[in-house]
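Taking it in order: structure first as structure tokens, then the write-up.
The values are calculated or read from the model by the stated rules, or taken from the named source; none is laboratory data. This is a predicted model, so every value here is computed, not measured. Because the Cβ atoms are built from the backbone with ideal geometry, glycine has one as well, and the counts that use them run over all protein chains shown. SASA here: full protein model, heavy atoms, side chains in, ligands and nucleic acids out. Shrake-Rupley method; radii C 1.70, N 1.55, O 1.52, S 1.80 Å.
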Amino acid sequence: MSLPENEVLDALRDAGAILSGHFQLTSGRHSDTYVQCARVLEDPALTTRLAAAMAEQVAGRGVDVVAAPAVGGVIIGFAVAQALGVRFIFSEREHGVMTFRRGFGVTPGERVLVVEDVVTTGGSVAEVIGLVRAAGAETVAVTSIIDRGGDKAFDVELLPLLQLEVESMEPHECRLCSAEIPIDSPGSRRLA
Ligand code: ZN
């Protein structure tokens, strides 16, 4: 069930989760690539396939429970837990603070896999790892569909299905603007 990175990339492009064009990112910078990972979830069969590959990456690590930060990690995290045959919980923010609510939690000694859809700096992932540690449990690995590259806010091994470092440019030095390619604003359309 392992999935080569090029197959993951093709599948994400086919699903509309990775777009090529000329985009203004929320940072204001311009890019030729836009990632909207939630589009994967429109295709449950694809989601299940990706989750199986993520589960395979942590086979043998003795995972007891999958924990995912809401909202991005919830569905893929559930699917990974299903593939591993283990419990699933998610964390969410309450007054800005990441927490396990709804009776969710981990117990001391449990081995936790943290699952996210896209990891950039991994701020939410780091907060989940903090919750796990505070409960006396251990995060054995982090897995994601995409690693956007760059420095991470956590010190646990990250096992992404796809490494995707997206180039971004200041508008005044954007080669796509120079080529007079019309800009797409993903947030304003169905991609929001
Ligand atoms: Zn541009």
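For this structure, a couple of remarks:
- Local electrostatic count, Ala53, Cβ distance below 11 Å [Lys/Arg +1, Asp/Glu -1]: -2
- Helix-only [θ]222 nm of the chain, DSSP H runs n ≥ 4, -39500 (n - 2.57) each, per residue, nearest 500: -8000 deg cm²/dmol
- The chain: antiparallel DSSP beta bridges as a percent of all, rounded to 5: 30 percent
- Cysteines not pairable in the chain (beta carbon separation under 4.7 Å absent): Cys37
- Formal net charge of residues neighbouring Pro160 (Cβ-Cβ distance under 12 Å; K, R +1; D, E -1): -4
- The long axis of helix 44-57 is offset from the longest Cα principal axis of the chain by roughly 60 degrees.
- Principal-axis tilt of helix 5-14 within the chain, Cα atoms, nearest 10 degrees: 60 degrees
- Folded to 0 to 90 degrees: helix 123-134 orientation relative to the chain principal axis, Cα: 10 degrees
- Amide H to amide H distances under 5 Å link Glu110 with Glu138, where only residues 5 or more positions off or on other chains count and H is placed in the peptide plane.
- What the chain shows is 49 Å² of accessible area per residue, with the surface traced by a 1.4 Å probe over protein heavy atoms.
- Nearest-20 debye value, the chain charge dipole, Cβ charges on Lys, Arg, Asp, Glu: 620 debye
- Here the Gaussian network model covers the chain, with springs between Cα atoms less than 10 Å apart; of Val97, Val65, Val140, Val97 fluctuates the most.
- Karplus-based coupling profile of the stretch 101-110, in residue order and whole Hz: 10, 6, x, 6, x, 10, 10, x, x, 5, with θ = phi - 60° in 6.51 cos²θ - 1.76 cosθ + 1.60 and x standing for Gly or Pro.
- On full extension, the segment bounded by Arg102 and Arg133 gains 9.2 nm, given 0.36 nm per residue less the C-alpha separation.
- Chain lengthening between Asp151 and Asp10 when straightened (0.36 nm per residue, less Cα-Cα): 48.2 nm
- Percent carbon-and-sulfur accessible area, the chain, ignoring ligands, DNA and RNA, probe 1.4 Å: 50 percent
- Here's how it looks for Ala68: its modeled amide H is under 5 Å from those of Ile89, Phe90, Ser91, Val115, which are all 5 or more places away or on a different chain.
- Formal net charge of residues neighbouring Ala11 (Cβ-Cβ distance under 12 Å; K, R +1; D, E -1): -2
- Estimated translational D of the stretch 5-190 in µm²/s (Stokes, Kirkwood radius over Cα pairs; 37 °C; 0.692 mPa s): 190 µm²/s
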